[in-house]
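Right, one structure below, let's go through it.
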Amino acid sequence: MKNLKTVLTLIFAVFTITAASFSQQGVSLGLEGGLNLANANLKPTLNNGSKTGFMIGGFVDIGVSKYVSIKPAIRYITKGFELRNNFGVTYTENLSYIEFPMLVNVNLPLNQVKPYFELGPTLGIQLSANEEATDGVNFRETDVSTAYESIDF
């Protein structure tokens, strides 16, 4: 929970500074949030399931032309998956990242609907990774941050 407070404070600070530094026309700020449905493909094939996480963040939309804008953002996102073995033990992987997408937003020039495309790279930095193991009676939580990449691109 301490990491979440730190991330939310960082998000607020970045977008407060960004709002003060961009006072030109064609620049807007926004908040975004949603669900993250995460899963993993494991080899050899194991009995695994998806995990629902969440994402919250903010962005700056900087207009370059009438139809194109640059959209840097910052997001806190949770990921993971579940794995069950043949002995009845369920392992839940809980990962949290801070992501920095740098997107290009292209709006299509239509009147009735306003479709758009976004594309670009995202840099993710691992904040935490832990594994919960339970057999229905016993419970164990372990830090597994070294088992996963600390940088996700």
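The table for this structure:
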{"quantity": "Inter-label distance, nm, simple model (7 Å from Cα along the C-beta direction), Glu99/Phe87", "calculated": "3.5"}
{"quantity": "Amide H contacts of Leu127 (H built 1.01 Å from N, under 5 Å, at least 5 apart or other chain)", "calculated": "Ser96, Tyr97, Ile98"}
{"quantity": "Inter-label distance, nm, simple model (7 Å from Cα along the C-beta direction), Gln126/Ile62", "calculated": "3.1"}
{"quantity": "Aspartates and glutamates whose Cα lies under 12 Å from that of Lys51, excluding same-chain neighbours fewer than 8 positions away", "calculated": "Glu82, Glu93"}
{"quantity": "Ala147 paired with Ala40, simple spin-label distance in nm, labels 7 Å along Cα-to-beta-carbon", "calculated": "0.6"}
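Read-outs: derived from the displayed coordinates by stated rules, not from any lab. On a predicted model such as this, the values are computed, not experimentally measured, just so you know. Here Cβ is always computed from backbone atoms with ideal geometry, including for glycine, and neighbour counts include all displayed protein chains.
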